[in-house]
Every structure is written in C-alpha cells, then in structure tokens.
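Just below is one structure, and these are the notes that go with it.
The values are calculated or read from the model by the stated rules, or taken from the named source; none is laboratory data. All values derive from a computational prediction rather than experimental measurement. Every residue, glycine as well, gets a Cβ built from its backbone with ideal geometry; the counts of neighbours run over all protein chains shown. With ligands, DNA and RNA removed, areas are computed over all heavy atoms of the protein, side chains included. Shrake-Rupley method; radii C 1.70, N 1.55, O 1.52, S 1.80 Å.
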Amino acid sequence: MIKKDLGLLLLIVVVGIVVAIINPRFLLPINLANTANLIGLFGILSIGQAFVIITGGIELSVGSLVALLGVLFVDFIAVQDMSWMLALPLILALGAVIGAVHGWLITRLNLQPFVVTLCGLLIYRGAARFYTADGTAGFAFGQNFPDLEFLTAGRFYGVPNTFIALVIIAVVMWIMLHRSVFGRYLYAIGKNEEAARYSGIRTGRMIMSAYVICGLLTALSAIYFAMYTRSISPASHGQFYELYAIAAAVLGGFSLRGGEGSIVGVVLGTVLLQELQNLVNLLGIPSSLNFAVMGGVILIGVLIDQQWHAIRAKRRVVAAARQTETRLSNEGSLPVVANQD
C-alpha cells in the first residue's frame with residue numbers, strides 16, 4: 001500500500017469510529033452487511049471506471065449501461081425464458097462489445113472520450129426506455145432462480161456474495177494492473193501517450209482494452225444490480241452511477257489526468273463513499289443531499305490531487321536545484337593545474 005492508500009484507510013477508520021459514536025446502529029450486523037453489499041455492487045463498477053481513468057479517459061455511460069443491460073438480462077430470463085447460464089455470458093459479451101466500440105471510436109476516429117461516452121449515456125438510456133416502452137422490467141410474482149439469486153444476492157456465512165466477488169475481482173485486477181506488462185503500459189499511456197507510442201507501445205490497442213474491461217465489469221455490475229433490485233425502471237435505474245464510480249476512483253488516488261492510482265485505492269474509495277452515504281442515512285439527513293455529498297467528495301478529491309501534484313513538482317525543482325548547486329561547487333573545488341609550457 002502506498003502513502004495515499006494508508007491515509008485513506010486511516011480516514012475510513014476515523015469516520016467509522018465517529019459514525020459509531022454518533023449512532024451505534026452503524027455497528028449492527030445487518031447494517032454492516034447491507035453496507036458491504038453496496039460496496040461490492042459499486043466497487044465492481046468503480047474498478048472498471050478506474051481502468052479507463054488511468055489512461056486519461058473517462059466513461060460517462062456506465063449508469064445508462066447498467067440500466068440497459070439490466071433490462072435485457074431480466075427480460076431474457078424472466079420473459080424470454082432463456083437460461084440464466086446462457087443469458088449471463090451473453091450480457092457480459094455485450095458489455096465487452098460496447099466497450100470495444102467506445103475504444104474504437106476514441107482511438108481510430110480520434111473522438112474525445114467525453115463526447116463518445118456522453119453520447120453513449122444518452123443513447124443507452126433512451127434504448128432502455130424504448131425497449132420497455134417506458135415501463136418497468138421485473139420478475140413475475142413467485143418467479144425465482146435459486147442458484148442465480150444465491151450467487152448475486154445471497155450471503156456466504158453472513159458475508160454478501162457481491163462483496164466476495166469484489167474481493168476476487170480486485171485481486172485479479174490488482175495483478176493485471178500492478179504486476180504485468182499490460183498494467184505498466186496503461187500507466188505509461190496515462191502519463192504521456194505520445195511518448196508511449198514512440199517507445200513502441202500500441203497505444204490504440206491498449207486504450208481499447210481498458211474500455212473493454214470497463215464494459216465487461218459494467219455488465220457484471222448490471223446483473224448484480226438487476227438481481228438486487230429485482231425491478232428496473234429504465235428512466236431512473238443506474239442514474240448517476242457513473243458519478244459514484246468516478247468519485248470512488250478519485251478518492252482512491254486516481255488522477256483524472258491519467259497515469260496514477262491503485263486498485264487498493266479505488267476499493268478503499270468505494271468503502272469511504274458508502275460509509276459517507278451510510279452516515280447520511282443514519283443521521284436522518286434528507287436523501288436528496290446524497291448527490292451534494294458526492295459532489296463535495298469529488299471536488300475535495302480533485303483539489304487534493306492538484307495540490308499533491310504541485311507539491312511534488314516543487315520538490316522536484318528543489319531537488320534539481322540542489323543537485324546543480326552541488327555539482328557546481330564540486331567543480332569549483334577542483335585544483336587548477338598550471339600549464340607547464
């Protein structure tokens with residue numbers, strides 16, 4: 001863990017203690033389990049967002065994708081009588097394809113990630129509403145899928161399976177990002193895409209891969225959310241989820257400039273965000289202020305990131321000046337040998 005991650009972990013512990021003192025219900029097993037479930041749901045979404053942010057991009061369509069893919073998944077298994085063992089990989093593949101399309105538009109047609117994903121946000125939300133005729137997609141009374149429900153909404157010894165899935169995915173993605181050539185290439189692209197290209201990295205292919213990973217994890221998250229709510233209104237389902245994902249990544253130390261961040265950080269950012277949301281609920285603060293809290297968190301995270309960059313730049317300048325001064329002083333102290341001729 002880097003210093004940022006340790007600082008974030010300490011902040012989580014301090015906030016948790018404060019919340020527990022203010023309202024002891026925070027430590028009730030049912031509240032902790034519900035919070036862990038939400039951490040799992042939003043954590044998977046945030047890790048996908050983090051892979052895009054590290055390349056210097058942004059993915060604004062994840063909330064609308066959660067709605068569209070969730071509607072399709074529920075319709076496949078509840079209305080079309082498709083086996084969930086077939087519907088699940090189909091939805092994951094669709095999410096990966098959408099991510100690949102986003103990556104292709106950005107890398108091949110040189111469109112801005114903001115424009116591409118903003119258009120996706122509108123298109124997928126509209127498609128979901130059209131598919132359901134602005135109705136609600138859900139399960140019929142008494143319609144159950146025991147195995148699927150256990151995997152997506154069940155608990156293993158009291159621990160939500162969504163949280164377990166988050167831990168497994170985080171470990172895999174940590175290895176991919178921090179212990180592989182693929183991860184080093186993504187960091188290099190985020191730091192300086194042009195320099196990475198000149199060094200021989202296929203930047204277009206790498207960026208497209210990041211969007212494919214984001215689409216895949218968004219599709220998985222859409223399935224979890226669909227089984228968690230069991231009823232989807234496409235006009236509101238998944239709304240502003242992209243902001244939750246961005247906020248978690250920024251809190252976790254990911255720079256919106258790209259090239260910085262860790263998987264541990266984004267998981268801790270998700271934990272802190274859900275802890276703050278839980279604080280709002282336990283204190284009886286109107287839920288309408290949830291977005292205000294989230295906006296404030298993003299703003300604070302960006303300000304901290306900006307100040308951190310300024311401090312690091314200042315330290316580099318001071319260190320370079322000291323090295324120059326030391327070198328000049330060493331050169332001045334060398335003995336001068338007279339010319340014998």
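Miscellaneous remarks
- Total residues in the range 202-229, condition assigned to a loop (DSSP other than H, G, I, E, B) and either over 22 Å from ALA96 (Cβ atoms) or touching a residue at least 60 places away in the same chain (Cβ under 8 Å) (or both): 0
- All conditions but one from (1) in a loop (DSSP other than H, G, I, E, B); (2) surrounded by fewer than 14 Cβ atoms within 10 Å (Cβ to Cβ) apply to GLU194; the one that does not is (1).
- Among the residues of the range 119-154, those that are closer than 24 Å to ASN37 by Cα and part of a helix (DSSP H, G or I) comprise PRO146, ASP147, LEU148, GLU149, PHE150, LEU151, THR152, ALA153.
- Restricting LEU65, LEU105, LEU118, LEU94 to those that are of a type outside the set (D, E, K, R) and over 18 Å from THR218 (Cα atoms) reduces the list to LEU105.
- Residue count, the range 1-33 (criterion: touching a residue at least 24 places away in the same chain (Cβ under 8 Å) and under 21 Å from ALA165 (Cβ atoms)): 4
- You will find that of VAL66, VAL116, the residue that is without any contact (Cβ under 8 Å) to a residue 40 or more places away in the chain and assigned to a helix (DSSP H, G or I) is VAL116 and no other.
- Residue list for the range 4-56, filter: open to solvent by less than 10 Å² (accessible area, probe 1.4 Å) and of a type in the set (Ser, Thr, Tyr): SER46
- Residues in the range 208-229 that are open to solvent by less than 10 Å² (accessible area, probe 1.4 Å) and of a type in the set (Val, Ile, Thr): THR218, ILE223.
- Only residues that are surrounded by fewer than 16 Cβ atoms within 10 Å (Cβ to Cβ) and touching a Gly at 6+ places or on another chain (Cβ under 8 Å) were counted in the range 103-146, giving 1.
- Filtering VAL167, VAL115 for residues that are farther than 23 Å from GLY265 by Cα and among the aliphatic types (A, V, I, L, M) leaves a single hit, VAL115.
- Among the residues listed as ARG179, ARG202, the single one being under 30 Å from ASN37 (Cβ atoms), at pLDDT 90 or above and either open to solvent by 20 Å² or more (accessible area, probe 1.4 Å) or of a type in the set (Gly, Ala, Ser) (or both): ARG179
- The set of residues from the range 120-147 being over 14 Å from ALA67 (Cβ atoms), touching a helix residue (DSSP H, G or I) at 6+ places or on another chain (Cβ under 9 Å) and not acidic (Asp, Glu) comprises PHE139, ALA140, GLN143, PHE145.
- Residue in the range 230-240 that is under 24 Å from ASP5 (Cβ atoms), open to solvent by less than 10 Å² (accessible area, probe 1.4 Å) and in contact (Cβ under 8 Å) with a residue 24 or more places away in the chain present: no
- Inspection of the range 100-113 finds a residue satisfying the criterion of being basic (Lys, Arg) and within 28 Å of GLY261 (Cβ to Cβ).
- Index of the failed condition, THR162 passing every other in (1) over 20 Å from THR35 (Cβ atoms); (2) among the polar types (S, T, N, Q); (3) part of a helix (DSSP H, G or I): (1)
- Residue satisfying all of: in the range 147-164; of a type in the set (A, V, I, L, M) and within 20 Å of VAL267 (Cβ to Cβ); surrounded by the most Cβ atoms within 10 Å (Cβ to Cβ) among these: ILE164
- ALA67 being open to solvent by less than 20 Å² (accessible area, probe 1.4 Å), in contact with a Lys or Arg (Cβ under 9 Å, 6 or more places away or on another chain) and closer than 24 Å to VAL267 by Cα: yes
- Looking only at the range 256-297, and only at residues there that are touching a residue at least 60 places away in the same chain (Cβ under 8 Å) and polar (S, T, N, Q), the one that is surrounded by the fewest Cβ atoms within 10 Å (Cβ to Cβ): GLN277
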